[in-house]
Amino acid sequence: MSEKWNKYKPRLRDGVDIYLESEIDVIFVYLSSRKRIKFQCHPLLIKSLSWLTGEFSVEELNSRLIKFSCENFLANNGFLEFIKYLYKRGIIISEHWIEEIPLPCLYKKRLERQLTFLLDITDSSDQVAKIQSKIYQAKIAIFGIGGVGSWLCRELVMMGFHNFLLVDYDIVSEFDISRHAFFEQETIGLQKTEVAKQMILDIDQEACVKVLDHALTIDSDLESLLLGIDCIINTADEPYIGYTGLKLSRYCVQHKKPLMIAGGFDAHLGSLGELIIPGVTPCADCYNTFFKESLKDWKPISHPVKDRRSSFGGLASLSVLAASTAAMTILRYFIDPTATFEGERGELLFDNYDLSVFPVKKNPTCSICSNLDNEK
Ligand SMILES: [Zn+2]
């Protein structure tokens, strides 16, 4: 038995339940993912599961097991192989697995529940360390700190994102107080980005937050603005999310950076936006072409009042929904950037919780992203 495994003190993880089907059939159920593993093994090994409390080393447990049996499978490292298997599947962990992650102590303390959730999802403490370190280092730009953007800021810093560039030109108004994540009476008249920055620092004192008083227009110089940024989020709905999305998507396709477009399509619907991964998913131009074609029979009659946005309906809960699904999509991307992400846009209807998802395909003749496919 190697020294490393000799001293290892395995502990069964709270996130995995164990059921016995017979004296040799055991089922492990992962509580956060509903994943099940069925396993057949010697009844003594099943008995040993209740000893995996983190107090005893593999060496000690092995000796205890030998007292119960003189069968050969123990002499042949049967127990050690069993322990290694449980470790590989994330069923047992080391008592100190969070301490071993090379990130600041206070940061890990704050994120303990999330780290355990990630362990449920990935099965491996090494994987969790890698994912959370990537999140800690990633530089995120958020365009639009409004109904959706403010909640996204909040959720992302709660997930442990640590480096932010917040871009918005607007100030907090009375209308924002009932919709936004952190605006209060005292913040009316202040720059939205500054209020968001303070909220981030209240959660993570060590966070690095840059703010930019800027309205995204066709002339915005994204090259200098987004230098060093790893992931971009757009919730800027002025002049229109479709326009700001196109501008950012073209930059992201060229620089091969992921872009999350969240909310802003229709404030009264629970709009669930899309993650654009250059070379993998459709780009914003593909989405535009798709919806232009599929909605061509829907032609609104022109209206004499030009700006009708302020009387549009909205609900903070729907903004939170858009922000939460976007935040979870971003987390899924950080867990596994190579996972399959489909082109799709969703909306949840408030009156019946009906969630419609529109699948969107890449446009093979897209002038922006089809070249990326040819490069492969
Ligand atoms: Zn495209």
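All of the numbers you see were taken from the coordinates with simple rules; none came from a lab. Model, not experiment: these values are computed from the prediction. Ideal geometry is used to build each Cβ from the backbone, glycine not excepted, and the neighbour counts take in all protein chains shown.
When a/c reaches 1.5 or more, the comparison of a/b and b/c decides; with that in mind, is the range 126-242 rounded, prolate or oblate per its Cα gyration tensor?
Since a/c reaches 1.5 but b/c is at least a/b, the shape of the range 126-242 is classed as oblate.
Note the full-extension length gain between residue 227 and residue 350 as 0.36 nm times their separation in residues minus their Cα-Cα distance, in nm to one decimal.
Additional length available on full extension: 40.3 nm.
Can you work out ³J(HN,Hα) from phi for every residue in the range 246-262, in order, using Karplus 6.51 cos²θ - 1.76 cosθ + 1.60 and θ = phi - 60°, giving whole Hz and x for Gly and Pro?
Values, residue by residue: 4, 4, 6, 5, 5, 5, 5, 4, 5, 9, 6, 10, x, 10, 9, 9, 10 Hz.
To make sure I understand, if each residue's beta carbon is the centre and we count other beta carbons within 10 Å, what order do 298, 51, 97 fall in, fewest to most?
298, 51, 97
Distance from the Cα centre of the range 120-183 to that of the range 313-337, in angstrom?
Each part reduced to its Cα centre gives a spacing of 10 Å.
Where does helix 316-335 land angle-wise versus the long Cα axis of the chain, in degrees 0 to 90, nearest 10?
Once rounded, the angle reads 50 degrees.
When only C-alpha pairs under 8 Å and at least 6 residues apart count, what is the relative contact order of the chain, in percent?
12
Quote the relative contact order of the range 3-94 in percent (integer), defining contacts as alpha-carbon pairs under 8 Å separated by 6+ residues.
Computed over the range 3-94, the figure is 36 percent.
Can you tell me the length gained on complete extension of the stretch residue 358 to residue 96, counting 0.36 nm per residue apart and subtracting the Cα distance?
Full extension from residue 358 to residue 96 adds 89.9 nm.
Treat the count of other C-beta atoms within 10 Å as a stand-in for reagent exposure and order 169, 353 from fewest to most.
In order of increasing Cβ crowding within 10 Å: 353, 169.
Mind scanning 7/35; 35/134; 109/134; 84/134 and naming the pairs with a C-alpha gap bigger than 21 Å?
Distance filter (> 21 Å) returns 7/35; 35/134; 84/134.
Could you give me the ³J(HN,Hα) list for the range 51-57, computed from phi with Karplus coefficients 6.51, -1.76, 1.60 and θ = phi - 60°, whole Hz, x at Gly and Pro?
Going residue by residue, I get 8, 7, 9, x, 8, 10, 7 Hz, with x marking Gly and Pro.
Skipping prolines and chain starts, which residues have an amide H placed within reach, meaning under 5 Å, of the one on residue 345, given they are 5 or more residues away or on another chain?
Amide H neighbours of residue 345: 358, 360.
Output the relative contact order of the range 195-267, whole-number percent, from Cα pairs under 8 angstrom with separation of 6+ residues.
28
Shape call for the range 3-94 from the C-alpha gyration tensor, a ≥ b ≥ c root eigenvalues: rounded (a/c under 1.5), prolate (a/b greater than b/c) or oblate?
Oblate.
If each of residue 256 and residue 85 carries a label point 7 Å out from its Cα toward its Cβ, how far apart are those two points in nm?
Distance between label points: 4.1 nm.
Would you mind checking which residues have amide H under 5 Å from residue 170's amide H? H placed 1.01 Å from N; only 5 or more apart, or other chain.
Amide H neighbours of residue 170, under 5 Å, 5+ apart: 192.
Once fully extended, how much extra length lies between residue 201 and residue 17, figured as 0.36 nm per residue of separation less the alpha-carbon to alpha-carbon distance?
62.5 nm
Arrange 42, 162 by Cβ neighbour counts within 10 Å, fewest through most, would you?
Listing 42, 162 from fewest to most nearby Cβ atoms yields 42, 162.
Quick check on the chain: take the gyration tensor over C-alpha atoms, sort the square-rooted eigenvalues as a ≥ b ≥ c, and tell me if it's rounded (a/c under 1.5), prolate or oblate.
In terms of gyration-tensor shape, prolate.
Given the -39500 (n - 2.57) contribution per DSSP H run of 4+ residues, what per-residue ellipticity at 222 nm results for the chain, rounded to the nearest 500 deg cm²/dmol?
Estimated from H runs of four or more residues: -11000 deg cm²/dmol.
Run the reach check for residue 192 against aspartates and glutamates, Cα to Cα strictly under 13 Å, same-chain hits fewer than 8 apart removed. What comes back?
Excluding near neighbours in sequence, the set is 168, 170, 174, 176, 184, 213.
Among residues other than residue 11 whose Cβ falls under 11 Å from its Cβ, what is the net charge (Lys/Arg +1, Asp/Glu -1)?
-1
Most mobile of 122, 193, 289 per a Gaussian network model of the chain (Cα springs, under 10 Å)?
289
Taking the Cα centre of the chain as origin and charging only Cβ (+1 Lys, Arg; -1 Asp, Glu), how large is the dipole, in debye to the nearest 20?
Computed charge dipole of the chain: roughly 820 debye.
For labels at residue 113 and residue 293 in the simple 7 Å Cα→Cβ model, what's the distance in nm?
4.5
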